[in-house]
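Structure record follows, encoded as structure tokens.
The values are calculated or read from the model by the stated rules, or taken from the named source; none is laboratory data. Quantities reported herein were computed from a predicted structural model and do not represent experimental measurements. Note that we place each Cβ from the backbone using ideal geometry, even for glycine, and neighbour counts take in every protein chain shown.
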Amino acid sequence: MSDLNDLYQEVILDHNRRPRNFHALAGASHSAEGYNPLCGDRLTLYLKVVGDRIEDVSFEGAGCAISKASASMMTDALKGRTIDEANALFARFHAMVTTPPDQPVEDLGKLSSLAGVREFPVRVKCASLAWHTLKAAMSNERRASTE
Amino acid sequence: MKAAAPLATLSNTEWVQRVRADFPILERTVRGRPLVYLDNAATTQKPKAVLDAMATYYTTINANVHRGVHELSERATEAYEASRDRVRRFVNAASTHEIVFTRNATEAINLVAYCYARPRLGPGDEILISAIEHHSNIVPWQIVCEAAGARLKVVPVNDEGELALEDFQALMTARTKLVAVTHMSNALGTIPPVREIVKAAHERGIAVLVDASQAAYHMPIDVRALDCDFLVATGHKLYGPTGIGFLYGREAHLEAMPPFMGGGDMIASVSFERSTWNVLPYKFEAGTPHIAGAIVLATALDYIESLGFEAIGAHERDLLDYGTALLDAIDGVRIIGRARHKASILSFVMDGVHPHDIGTIVDRDGVAIRTGHHCAQPVMERFGVPATARASMAMYNTREEIDVLGRALERVRTVFA
């Protein structure tokens, strides 16, 4: 069951139980909805961008532990970053969750706790949903879907 | 295939062990554990007789049907038409003219939507469905209603997951052209009062389509007793192959309907000025059909009837009662769908745990269940859940397998404690 413990690490369970930045955002400049049709996970992401910097970020929605924890950790990681930095982090996160499980991945701090999804191919979409929604929000698209 | 002795002379355990021996896949392990397959509402496993029949077809009589004068084509045609008669007997239709082979139940519903409903629908007309339909019995009606300016009306479901005859009666109007209703809900297991619904519809001159996809492998289907106008089912839930399903349609309706798709086999004659249509049921079978699938479907139906729905139903009833009691005893687990008349489906949610996480964790114990909206998003919305976990049983499942599910759910609880 070690891979199960890898997937449901304590930090993930904690963010699932007590998601951070889990609310609507008054004065948001950007928002988008993310949807995973496979499991019905849905989230709305809000960004408050001032200049080229993400001053605040939050999310709402319902989903599995992996998608909720991923969204929660992502919002923590994004606060104060520039749009360019957020795009770069998206690329690094995407590379991490799509690297084959037998290969080493870059250390992304807390976000690395989600590397366990690589053992569960159908769950990669759960971990990526928030990030795809971020992309959609930053490019002013209303919707992101994992399909 | 062994002819299993009737349940009356075998204990429940012996009976199911004999059935299990007919299904090679049940011997495999998943992640080092014995496979516990509880996703039968999505598709059932195949008995050896079916697997062998598929190989026999391709190794002995493979040829196109209704074409050649050569031996193989004649043999393939014979077997294909014999299978149509097998399906006819399975649903107790009067004539093989009333049995149309399709890819699946979805295609059969679309055929009725486009060829029966669409030409009859005008602005302001209505089609009536229920709140517990599978997407395949919602979306085709939405499409033809939108094209015709007609309305799709929906019979509500109560908190137990039941449909009331009175609600159907209340929503049938002079504008209602068709009622489409499930014989058994794939998301909740509910068995609606279909016979009574048909009767009420016919009193008002309304035709009824019955979606028997889920019901057909749990209980006998009798289109003449139901008196329905159309009935659809799919082979892969009947322990047969994927890619083959069928439509039963009352001969007078099918006769009056235009073809669904054009192509080979569905024509009587073709010229560039005008083509004429073949007789029933070939008018609705354009192109080379899934010949092997149709022929092997007959083997699957033979297999089911060799066991008999009496024995199958009694065993599955025991599993449902056992599983219901087991889930009810787990803290924080709530069963969605408690209809008095239901079969073989346990849809449930667990406090604080998303169904998707349940599915991943129990899979590690070799347990296959479905998690998600089960192609029934309106049902999820009605019961206020984004998704459910669903354990669906078939004739080869055992109480011991339900126990494995129960222990796996305890592990879920531990992970999320």
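Listed by first and then second residue, the pairs linking a residue in the range B:303-319 that is at negative phi to a residue that is surrounded by 15 or more Cβ atoms within 10 Å (Cβ to Cβ) and among the polar types (S, T, N, Q), with Cβ atoms under 7 Å apart and 6 or more places separating them unless they lie on different chains, are B:H315/B:N12; B:E316/B:S344; B:D318/B:N12; B:L319/B:N397.
Here A:A91, A:A130, A:A86 are screened, and the one residue that is surrounded by 22 or more Cβ atoms within 10 Å (Cβ to Cβ) and under 18 Å from A:S67 (Cα atoms) is A:A130. A single member of B:V333, B:V279 is surrounded by fewer than 15 Cβ atoms within 10 Å (Cβ to Cβ), away from chain A (no Cβ under 14 Å) and touching a residue at least 24 places away in the same chain (Cβ under 8 Å), and it is B:V279.
Among the residues of the range B:344-365, those identified as part of a loop (DSSP other than H, G, I, E, B), more than 7 Å from every other protein chain (Cβ to nearest Cβ) and surrounded by fewer than 24 Cβ atoms within 10 Å (Cβ to Cβ) are B:D351, B:G352, B:D365. Whenever a residue of the range A:59-71 is farther than 10 Å from A:A127 by Cβ, its partners that are among the aliphatic types (A, V, I, L, M) and in a helix (DSSP H, G or I), lying with C-beta atoms within less than 7 angstrom and at least six residues away or across chains, give the pairs A:F59/A:A71; A:F59/A:A130; A:A65/A:I12; A:A65/A:L13. Applying the condition of being more than 14 Å from chain B (Cβ to nearest Cβ) and charged (D, E, K, R) to the range A:34-67 and asking which residue is surrounded by the fewest Cβ atoms within 10 Å (Cβ to Cβ) yields A:D52.
Annotation note: of B:Y322, B:Y303, the sole residue that is surrounded by fewer than 21 Cβ atoms within 10 Å (Cβ to Cβ), among the aromatic types (F, W, Y) and more than 25 Å from B:Y116 (Cβ to Cβ) is B:Y322. One residue stands out in the range B:371-397 among those that are among the charged types (D, E, K, R) and surrounded by fewer than 24 Cβ atoms within 10 Å (Cβ to Cβ): the one that is farthest from the other protein chains (Cβ to nearest Cβ), namely B:R382.
For the range B:295-343, a tally of residues being part of a loop (DSSP other than H, G, I, E, B) and closer than 23 Å to B:K46 by Cβ returns 2.
For the range A:103-134, filtering for residues that are at pLDDT 95 or above and charged (D, E, K, R) leaves 0.
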